[in-house]
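Working notes for the structure below.
The values are calculated or read from the model by the stated rules, or taken from the named source; none is laboratory data. The shown structure was predicted, so the numbers you read here are calculated from the model rather than taken from an experiment. So basically every Cβ, Gly included, is an ideal-geometry build from the backbone, and we count neighbours across all protein chains shown.
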There are 2 protein chains.
Amino acid sequence: MAPPFLAACRGEAVPWTPVWFMRQAGRHLPEYRRLRGEGSILEAIHQPELAAELTLQPVRRYGVDAAVLFSDIVVPVTGFGVEVAPGTGPVVEKPFRRATDLDRLVVEPQPYVADAVRLVVKETDVPLIGFAGGPFTLASYLVEGGPSQSYGATKSLMWSEPGLWADLVGRLATIALASLRAQVAAGAAAVQVFESWGGALSPADYRRYVLPALQALLDGLAPLGVPRIVFGVCTGELLQLFSEAGADVVGVDWRVPLDVARRRLGPGVALQGNLDPAACLAPWEVLAREAREVLAAGGPAGYIFNLGHGILPATDPDQVARLVELVHQETAR
Amino acid sequence: MAPPFLAACRGEAVPWTPVWFMRQAGRHLPEYRRLRGEGSILEAIHQPELAAELTLQPVRRYGVDAAVLFSDIVVPVTGFGVEVAPGTGPVVEKPFRRATDLDRLVVEPQPYVADAVRLVVKETDVPLIGFAGGPFTLASYLVEGGPSQSYGATKSLMWSEPGLWADLVGRLATIALASLRAQVAAGAAAVQVFESWGGALSPADYRRYVLPALQALLDGLAPLGVPRIVFGVCTGELLQLFSEAGADVVGVDWRVPLDVARRRLGPGVALQGNLDPAACLAPWEVLAREAREVLAAGGPAGYIFNLGHGILPATDPDQVARLVELVHQETAR
């Protein structure tokens with residue numbers, strides 16, 4: 001029988017609702033903080049043994065139904081001097097400005113990523129989720145030079161030089177595809193595309209300027225036969241586009257009730273989400289109530305429990321442990 | 001005949017689609033930067049002549065169909081040591097922590113606000129929009145102590161002390177109501193409630209924890225007989241709640257197509273919005289295309305053209321001027 005996480009991705013019957021958490025391998029875990037120390041996240045990702053161990057920590061502690069590779073969406077994008085600043089996010093030394101910058105967008109083999117995947121799958125039976133950044137999200141970091149509120153520079157480039165923009169997001173999709181292929185070849189059983197900031201665009205603009213690149217990425221993944229998850233925050237109005245692009249599973253943020261999301265996605269697409277990450281900071285009774293509401297809206301089939309965004313660093317691991325227990329116990333069939 | 005802006009708010013026939021812009025009185029205008037200099041925004045708001053002049057600048061330059069008072073949503077909340085940090089937003093010296101902090105939430109008369117309103121309405125025939133902050137948005141600044149990404153502290157308080165939270169948002173609604181009453185008494189012809197960050201909550205949580213306070217605010221405004229506009233970003237799933245709470249007009253951010261918003265709002269509610277503010281940074285041809293798409297979705301009745309959030313400081317005023325011209329010319333009946 002398929003592991004519950006993979007069965008749910010495919011809309012098949014499951015013995016219980018599977019659960020994992022975005023950023024489950026991260027700062028909220030004391031064992032993570034001990035092992036990682038204060039060093040750069042990119043340096044940690046370059047060490048397969050360390051990356052594998054960080055990936056496995058939450059699987060051991062929580063008994064979640066999937067592991068997610070300890071990595072970062074900027075890892076496959078070399079040539080721009082990307083660093084991940086603690087508490088800020090990716091910062092880009094040499095931002096993308098003009099056509100000649102396309103030459104820096106090349107597929108580079110990253111053996112340490114595949115090595116980390118191999119080490120993880122040797123150690124655990126739960127499926128490992130590989131991941132990559134979505135085209136708009138990666139482009140926004142490269143163009144803005146870091147996180148942004150308005151994405152003014154990114155959208156200006158998109159609108160004023162649509163040909164160059166199409167080349168940019170097209171190459172980013174190619175790079176993400178190469179990375180995901182390598183992760184699957186090494187043993188990843190599913191992939192998630194983090195189009196985290198795609199919701200900064202109106203649906204008309206996302207369709208016009210980004211959807212072709214996302215679709216190319218998902219089409220390229222199709223022959224691998226692994227579930228393809230797409231996720232982004234504030235993407236309530238993009239859900240149908242994600243479905244159209246070929247996503248097998250769509251991650252939903254906490255703003256959109258799952259029953260509403262299911263109507264927008266249409267049949268044949270599984271859902272993942274969508275408890276407000278801040279709910280883990282609430283007293284247990286409140287957290288349990290909010291989780292039960294999410295479970296009821298998610299339904300029994302084609303559904304994976306998760307948060308609507310990553311675990312907040314201030315989260316108490318004991319709350320997360322009880323949450324996993326609640327999901328497993330109350331959905332056991 | 002009623003001014004087009006007020007007619008559109010009421011769903012009546014208009015000679016053209018009215019247009020104004022959130023943050024039209026602001027940093028993107030050279031005359032604003034000249035007059036304001038580098039001083040504190042709160043100091044400027046305390047000077048009625050200055051506030052009135054800043055309010056009138058965009059009306060003169062653009063020929064927009066409404067003025068919006070130069071002020072800030074934190075103005076009516078005294079007793080917390082609020083300052084508005086340039087480029088950051090409101091910063092709170094003594095955040096809200098516990099029940100005793102409720103004593104600091106009192107209605108204070110602010111004669112300089114009413115004075116500014118009186119000076120504006122003496123100088124212009126276009127309707128003046130007064131405004132106040134929505135209950136969640138104001139509470140988030142007071143609890144977080146400043147702008148936030150996750151609203152973790154605010155939501156923790158909301159979930160762990162629901163009684164205290166209800167008192168907090170209830171008092172903030174009372175304070176906002178008093179401020180709006182004073183603005184209308186002095187001559188404001190419409191009011192906008194900026195529930196800017198309300199979209200950080202799921203609809204279930206907004207309904208449970210904030211809607212009663214918003215409804216009390218809107219109910220309190222009803223006897224004044226002026227249109228009541230409610231706006232917030234990422235509020236696609238809250239639109240129906242805003243309508244339920246009694247909004248006459250709902251401001252929509254650029255993520256939700258206006259025809260979709262109209263379906264969610266139901267009949268009898270006018271729409272305002274929703275061009276992506278970053279589109280003003282695009283070449284004119286692109287800006288014109290995006291504006292025409294918004295106009296088409298907005299339709300001829302019960303609709304006010306605006307951006308989906310405030311004008312970005314980097315915006316060229318000439319682009320805004322052409323945009324106003326386009327809206328007026330292409331919708332003239």
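In region B:56-103, what residues are of a type in the set (Val, Ile, Thr) and closer than 30 Å to B:Leu326 by Cα?
Our first condition is that a residue be of a type in the set (Val, Ile, Thr); within region B:56-103, this holds for B:59, B:64, B:68, B:73-75, B:77-78, B:82, B:84, B:88, B:91-92, B:100.
The answer is B:Val59, B:Val64, B:Val68.
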Checklist entry - Here are some residues: A:Ala25, A:Ala7. Which one is modelled with pLDDT of 95 or more, among the small types (Gly, Ala, Ser) and assigned to a helix (DSSP H, G or I)? => result A:Ala7
Next on the checklist: Give all pairs with beta carbons closer than 7 Å in which a residue from region B:226-252 that is among the basic types (Lys, Arg) meets a residue that is surrounded by 23 or more Cβ atoms within 10 Å (Cβ to Cβ) and in a loop (DSSP other than H, G, I, E, B); count only pairs at least 6 apart in sequence or on separate chains.
Outcome noted: B:Arg228/B:Ala247
Checklist outcome for this item: Within region B:257-276, residues surrounded by fewer than 24 Cβ atoms within 10 Å (Cβ to Cβ) and either β-branched (Val, Ile, Thr) or farther than 22 Å from B:Pro4 by Cβ (or both) come out as B:Pro257, B:Val260, B:Arg263, B:Arg264, B:Gly266, B:Val269
Checklist outcome for this item: Those residues of region B:202-228 which are in contact with a strand residue (DSSP E or B) (Cβ under 6 Å, 6 or more places away or on another chain) and β-branched (Val, Ile, Thr) amount to B:Val226
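Can you name the residue in region A:221-242 that is of a type in the set (Val, Ile, Thr) and buried (at least 22 other Cβ atoms within 10 Å of the Cβ) and is also farthest from A:Gly302 (Cα to Cα) among such residues? If you could, list the steps in order and put the result at the bottom.
Residues of region A:221-242 that are of a type in the set (Val, Ile, Thr), as a first pass: A:226, A:229-230, A:233, A:235.
Those still in the list that are buried (at least 22 other Cβ atoms within 10 Å of the Cβ) too: A:229-230, A:235.
Numbers: A:Ile229: 12, A:Val230: 15, A:Thr235: 20 Å.
Among them, the one singled out is A:Thr235.
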Checklist entry - In region B:79-101, which residues are among the hydrophobic types (A, V, I, L, M, F, W, C), under 15 Å from B:Leu138 (Cα atoms) and at pLDDT 90 or above? => result B:Phe80, B:Val82, B:Val91, B:Val92, B:Phe96
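Being outside any helix (DSSP H, G or I), free of Cβ contacts under 8 Å to residues at least 60 places away in the same chain and out of contact with any strand residue (DSSP E or B) (no Cβ under 8 Å at 6 or more places or on another chain): is that true of B:Arg97 here? So that I can check it myself, show each step before the final result.
Values: outside any helix (DSSP H, G or I): yes; free of Cβ contacts under 8 Å to residues at least 60 places away in the same chain: yes; out of contact with any strand residue (DSSP E or B) (no Cβ under 8 Å at 6 or more places or on another chain): yes.
When the stated conditions are applied, B:Arg97 passes them.
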Checklist entry - What is the number of the single condition among (1) more than 30 Å from B:Gly299 (Cα to Cα); (2) part of a helix (DSSP H, G or I); (3) touching a helix residue (DSSP H, G or I) at 6+ places or on another chain (Cβ under 7 Å) that B:Thr55 does not meet? => result (1)
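Looking at region B:136-154, is at least one residue of a type in the set (D, E, K, R) and away from chain A (no Cβ under 14 Å)? Steps first, answer last, please.
Step one: list which residues in region B:136-154 are of a type in the set (D, E, K, R), which gives B:144.
The next check asks that each one be away from chain A (no Cβ under 14 Å); those that pass are none.
Looking for residues that are of a type in the set (D, E, K, R) and away from chain A (no Cβ under 14 Å), one finds none in region B:136-154, hence no.
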Checklist entry - Which of the residues belonging to region A:155-181 are under 22 Å from B:Thr315 (Cβ atoms) and more than 14 Å from every other protein chain (Cβ to nearest Cβ)? => result none
Checklist entry - Of all the residues that make up region A:254-273, how many are of a type in the set (A, V, I, L, M) and either more than 11 Å from every other protein chain (Cβ to nearest Cβ) or in contact with a Phe, Trp or Tyr (Cβ under 9 Å, 6 or more places away or on another chain) (or both)? => result 5
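One line per residue, one yes/no per condition, for (1) within 25 Å of A:Val250 (Cα to Cα); (2) in a loop (DSSP other than H, G, I, E, B):
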position	(1), (2)
A:Asp115	no, no
A:Val120	yes, no
A:Val126	yes, yes
A:Ser148	yes, yes
A:Ala176	yes, no
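Rundown of residues vs (1) more than 24 Å from B:Leu221 (Cβ to Cβ); (2) at pLDDT 95 or above; (3) outside any loop (DSSP other than H, G, I, E, B), yes/no style:
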residue	(1), (2), (3)
B:Leu241	no, yes, yes
B:Arg255	yes, yes, no
B:Arg262	no, yes, yes
B:Cys280	yes, yes, yes
B:Val286	yes, yes, yes
B:Leu295	yes, yes, yes
B:Ile304	no, yes, yes
B:Ile311	yes, yes, no
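Considering region A:221-252 alone, what residues qualify as being among the β-branched types (Val, Ile, Thr) and farther than 21 Å from A:Phe305 by Cα?
Step one: of region A:221-252, the residues among the β-branched types (Val, Ile, Thr) are A:226, A:229-230, A:233, A:235, A:249-250, A:252.
Within region A:221-252, no residue meets the criteria.
If a residue has to be under 17 Å from B:Val252 (Cβ atoms) and either touching a helix residue (DSSP H, G or I) at 6+ places or on another chain (Cβ under 8 Å) or at the interface with chain A (Cβ under 9 Å from one of its Cβ atoms) (or both) to count, how many in region B:301-326 make the cut? If you could, list the steps in order and put the result at the bottom.
If we filter region B:301-326 for residues that are under 17 Å from B:Val252 (Cβ atoms), which is where we start, we get B:301-311.
Those left that are additionally either touching a helix residue (DSSP H, G or I) at 6+ places or on another chain (Cβ under 8 Å) or at the interface with chain A (Cβ under 9 Å from one of its Cβ atoms) (or both): B:301-305, B:307-311.
Here the count works out to 10.
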Item to check | Any chance A:Leu218 is out of contact with any Ser or Thr (no Cβ under 7 Å at 6 or more places or on another chain) and either surrounded by fewer than 23 Cβ atoms within 10 Å (Cβ to Cβ) or more than 14 Å from chain B (Cβ to nearest Cβ) (or both) | outcome: yes
Item to check | Qualifying positions in region A:13-42 - surrounded by 14 or more Cβ atoms within 10 Å (Cβ to Cβ), touching a residue at least 60 places away in the same chain (Cβ under 8 Å) and not aromatic (Phe, Trp, Tyr) | outcome: A:Val14, A:Thr17, A:Pro18, A:Val19, A:Met22, A:Arg23, A:Gln24, A:Gly26, A:Arg27, A:His28, A:Leu29
Item to check | Within region A:274-293, tally of residues that are within 11 Å of chain B (Cβ to nearest Cβ) and either under 18 Å from A:Cys9 (Cβ atoms) or in contact with a Lys or Arg (Cβ under 9 Å, 6 or more places away or on another chain) (or both) | outcome: 9
Checklist entry - Can we say A:Thr154 is closer than 21 Å to A:Phe231 by Cα and outside any loop (DSSP other than H, G, I, E, B)? => result yes
Next on the checklist: Quick check on region A:204-216. Is at least one of its residues in contact (Cβ under 8 Å) with a residue 12 or more places away in the chain, within 25 Å of B:Asp259 (Cα to Cα) and assigned to a loop (DSSP other than H, G, I, E, B)?
Outcome noted: yes
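Residue under question is A:Ala132, and the condition is that it be away from chain B (no Cβ under 14 Å), aliphatic (A, V, I, L, M) and part of a strand (DSSP E or B); does it hold?
Numbers: away from chain B (no Cβ under 14 Å): yes; aliphatic (A, V, I, L, M): yes; part of a strand (DSSP E or B): yes.
So A:Ala132 fits the description; yes.
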Next on the checklist: Going through B:Val77, B:Val169, B:Val106, B:Val121 one at a time, which residue ends up being loosely packed, with under 15 Cβ neighbours inside 10 Å and among the aliphatic types (A, V, I, L, M)?
Outcome noted: B:Val106
Checklist entry - If you take the residues in region A:182-215 that are more than 14 Å from every other protein chain (Cβ to nearest Cβ) and over 18 Å from the mean Cα position of the chain (by Cα), which one is surrounded by the most Cβ atoms within 10 Å (Cβ to Cβ)? => result A:Ala186
Next on the checklist: Can you find, within region B:243-253, the residue that is farthest from the other protein chains (Cβ to nearest Cβ) among those that are farther than 15 Å from B:Gly302 by Cα and assigned to a helix (DSSP H, G or I)?
Outcome noted: B:Ala245
Checklist outcome for this item: Output for Cβ contacts, cut-off 6 Å, separation at least six or different chains, first residue under 11 Å from A:Ala51 (Cα atoms) in region A:100-125, second among the β-branched types (Val, Ile, Thr) and in a helix (DSSP H, G or I), reads A:Val120/A:Thr55
